[in-house]
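**Q** Pasting in a structure now, in C-alpha cells, and then I'll have a few things to ask.
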Amino acid sequence: MKIAILSDIHGNLPALEAVAADIERWQPDVVLVNGDSVNRGPDSPGCWQFVQQRGWAHTRGNHEEYMIERLDANYPQDKRYVPLFWMSSWTFRQFNGEVAALQSLPEGVSRFAPDGSECRLRHASMRGNTDNVTAVSPFDTIRAQIAPPPAVFATAHTHHPFVRVVDQTIVVNSGSVGSPSDGDVRPSYARIHWQDGMWSAEIARVSYDREQALDAFRHSGFMEGAGPMAWLVYHEWRAAEIFVTPWRQQYEAAVLDGQIDMETAVAEFLRAYHL
C-alpha cells in the first residue's frame, strides 16, 4: 500500500500541479491532503478546486479555520485585529461565497493497513492544528502530541519536512507544497509505504516553474489586496524561510496597541532583514 501525503499548499497552484504530476508518476493507492490548501497565497480557490476535483481526502488546517471564521460577519470581535486579518479577508472574498464548503473538513483522517495498523493525519497534533510537532521536539512532548500512538503519525503546519521515529511510531512531516521554509524552494510531500507488515516513510522534493508562481503573485491582486503582510508571505515563498513569525514576535503587540501601523511595521522589518 502506498499513500501520498501533501500539505500547506497555500494557494500556489503551479507548485500543486507539479507535485500532483510527480505523485501520479509514483502511482500511490491514495492521496491525502493534510490541511492548509488555502490562504497565504495568490490562488486559494484554484487549489481548493484542484483538490476537490480529484476527490482527495483533506484535513482541516488552521488556515481553513481562518476562512470559516470569516463566515461570521462580526469577526474579529476585537477590531484591533482587523489589519492583521487583511490577508484572510482577501482570500475569503476570492471564494465568492464558497467558503462554507470548508466546514465539512474533518480534524483528522486515517488509513489502515491490512493488518489494522494506522496511518493517522493531523495538521499539527492531536491537541490542535497549530500545536507544532518538530524534528527536534523532545520525545515526551511528541508522545503527548500523538497519543494514542499510531504506526504512522503524519503532521504538517511547520513547512519543515522530516521523518523520525518515536518509540514504535514513524512521525513524518510532509513539509509544504506552496511555501517551504527549510531553505529549499522545491515543494515537498511525503511518500508512505506499507509492505510485508512494515511501514516506511520518505520525503520527495519536486522542481517546478517558479516564474508561473511569481506571475500569480504579481497579477492576482494578492500583493495589493492582502495588505502589507503579503510582502512577508511573498519573501517566505521566494527564500524558503520564515518571516511572518519573527515579524509577529517583534511587531504584533505594537500594532495592536496602536503604536505603529501595519505598513510601517512591515516596511521596518523588511529593511532590517534586507528584503
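**Q** Out of the stretch 4-61, which trypsin sites (Lys or Arg not before Pro) are coil in DSSP terms and have no more than 15 other C-beta atoms within 10 Å?
**A** Answer by residue number: Arg54.
**Q** With charges set only on the Cβ (+1 for Lys and Arg, -1 for Asp and Glu), what does the dipole of the stretch 220-272 come to about its Cα centre, in debye to the nearest 20?
**A** 160 debye
**Q** With 10 angstrom as the radius, rank His235, His219 by how many other C-beta atoms surround their C-beta, starting from the fewest.
**A** Listing His235, His219 from fewest to most nearby Cβ atoms yields His219, His235.
**Q** When a/c reaches 1.5 or more, the comparison of a/b and b/c decides; with that in mind, is the stretch 220-272 rounded, prolate or oblate per its Cα gyration tensor?
**A** Here the stretch 220-272 falls in the oblate category.
**Q** Could you give the size of the charge dipole of the chain about its Cα centre, using +1 on the Cβ of each K and R and -1 on the Cβ of each D and E, expressed in debye and rounded to the nearest 20?
**A** 200 debye
**Q** Run the quick spin-label model on Ala147 and Leu84: label points 7 Å from Cα toward the beta carbon, then report their separation in nm to one decimal.
**A** 3.0 nm
**Q** Are there trypsin sites (Lys or Arg not before Pro) in the stretch 92-129 that DSSP marks as loop and that have at most 14 other Cβ atoms within 10 Å, and which are they?
**A** Arg127
**Q** At 0.36 nm per residue, and after removing the present C-alpha to C-alpha distance, how many nm does the segment from Arg218 to Glu252 gain when stretched out fully?
**A** Computed gain between Arg218 and Glu252 is 9.6 nm.
**Q** Evaluate E = 1/(1 + (r/R0)^6) for Arg93 and Ala21, where r is the Cβ-Cβ distance and R0 equals 35 Å; express this FRET efficiency to the nearest 0.05.
**A** 0.70
**Q** Which of Tyr81, Gln27, Pro150 sits closest to the plus end of the dipole of the stretch 2-205, meaning its Cα is farthest towards the positive end, when Lys and Arg get +1 and Asp and Glu get -1 on the C-beta?
**A** Selected residue: Tyr81.
**Q** Here's a follow-up. How big is the antiparallel share of DSSP beta bridges in the stretch 140-242, given as a percent to the nearest 5?
**A** Counting only bridges with both partners in the stretch 140-242, antiparallel ones make up about 75 percent.
**Q** Quick one: length gained pulling Phe112 to Ile203 fully straight, 0.36 nm per residue minus the C-alpha distance?
**A** Result: 30.7 nm gained on full extension.
**Q** Under a 10 Å cutoff between Cα atoms, tell me which one of Gln249, Gln103, Gln52 has the largest fluctuation in the Gaussian network model of the chain.
**A** Gln249
**Q** Tell me the label-point distance for the pair Ala73, Gln195, using the 7 Å Cα-to-Cβ offset, in nm and rounded to one decimal.
**A** Rounded to a tenth, the inter-label distance reads 5.7 nm.
Each value in this text was obtained by applying a stated rule to the coordinates, not by laboratory testing. Computed from a predicted structure; not experimentally measured. All Cβ positions, glycine included, derive from the backbone under ideal geometry; neighbour counts span all protein chains shown.
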